[in-house]
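Working notes, beginning with the structure itself.
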Amino acid sequence: MCSLKCKSALLAGALLLASAACSRSHTVRTSDGTLTYKEKGKDSGTISVTGKDGKTATLTFNQNKLPDDYPKDIPIYSGSKVVMSQSVSENHTHNLMLETEDSSDKVVDFYKKGLDGNGWTTESTLTTPQMTILAGTKEQRHVMVQIGDSGAKRSIMQVVSDKQ
């Protein structure tokens with residue numbers, strides 16, 4: 001399990017190395033472990049942190065592209081645009097951000113039906129005038145879908161991970 005120090009290193013590495021992405025691969029070694037950044041193309045890459053104990057956590061990020069390993073049983077709103085995606089090796093966590101110009105009601109209805117139709121059980125729904133959050137479970141995984149209203153567009157954030 002990635003400690004707070006490990007998670008801090010992932011975040012710091014992501015910010016520092018992504019901004020200095022002039023090289024395609026860069027490794028930093030400290031007394032606490034190793035951080036490696038690898039650029040996989042114009043808009044994607046990986047950051048791996050290996051602690052003194054030998055455990056490794058990897059963050060993979062993409063802009064404007066659905067990752068190949070994104071779970072197939074999580075519906076993707078058709079007509080939406082991928083803004084950002086991340087995958088973290090720990091707990092098989094995936095984070096996907098989308099946007100659409102369709103109404104919030106239409107998007108929420110799509111996800112309620114799509115999650116149920118793919119075997120997910122909706123555990124809770126929270127609705128405010130600006131946002132709806134759906135939380136569900138399937139086997140040993142959790143999913144959270146947040147639909148936010150931001151003027152002319154709706155933002156959709158999906159987070160799926162293994163149960164801890």
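Conditions tested, residue by residue: (1) β-branched (Val, Ile, Thr); (2) farther than 30 Å from THR50 by Cβ.
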site: ASP69; (1), (2): no, no
site: LYS81; (1), (2): no, yes
site: SER85; (1), (2): no, no
site: THR100; (1), (2): yes, yes
site: ASP105; (1), (2): no, yes
site: ASN118; (1), (2): no, yes
site: MET144; (1), (2): no, no
site: ASP149; (1), (2): no, yes
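Take region 141-164 and flag every residue that is loosely packed, with under 12 Cβ neighbours inside 10 Å and either modelled with pLDDT of 95 or more or not charged (D, E, K, R) (or both). Lay out the reasoning, then the answer.
The initial filter retains those residues of region 141-164 that are loosely packed, with under 12 Cβ neighbours inside 10 Å, namely 150-152, 163-164.
Of everything in region 141-164, those that are loosely packed, with under 12 Cβ neighbours inside 10 Å and either modelled with pLDDT of 95 or more or not charged (D, E, K, R) (or both) turn out to be SER150, GLY151, ALA152, GLN164.
Between GLN140, GLN130, GLN86, GLN63, the distinction of being more than 30 Å from ARG29 (Cβ to Cβ), polar (S, T, N, Q) and under 18 Å from the mean Cα position of the chain (by Cα) belongs to GLN140 only. On the stretch given as region 106-140, residues that are touching a helix residue (DSSP H, G or I) at 6+ places or on another chain (Cβ under 8 Å) and either surrounded by 17 or more Cβ atoms within 10 Å (Cβ to Cβ) or under 19 Å from ASN91 (Cβ atoms) (or both) total 3.
The values are calculated or read from the model by the stated rules, or taken from the named source; none is laboratory data. Bear in mind that the values here come from a model prediction, so they are computed numbers and not experimental data. FYI the Cβ positions are ideal-geometry reconstructions off the backbone, even for glycines, and counts take in every protein chain you see.
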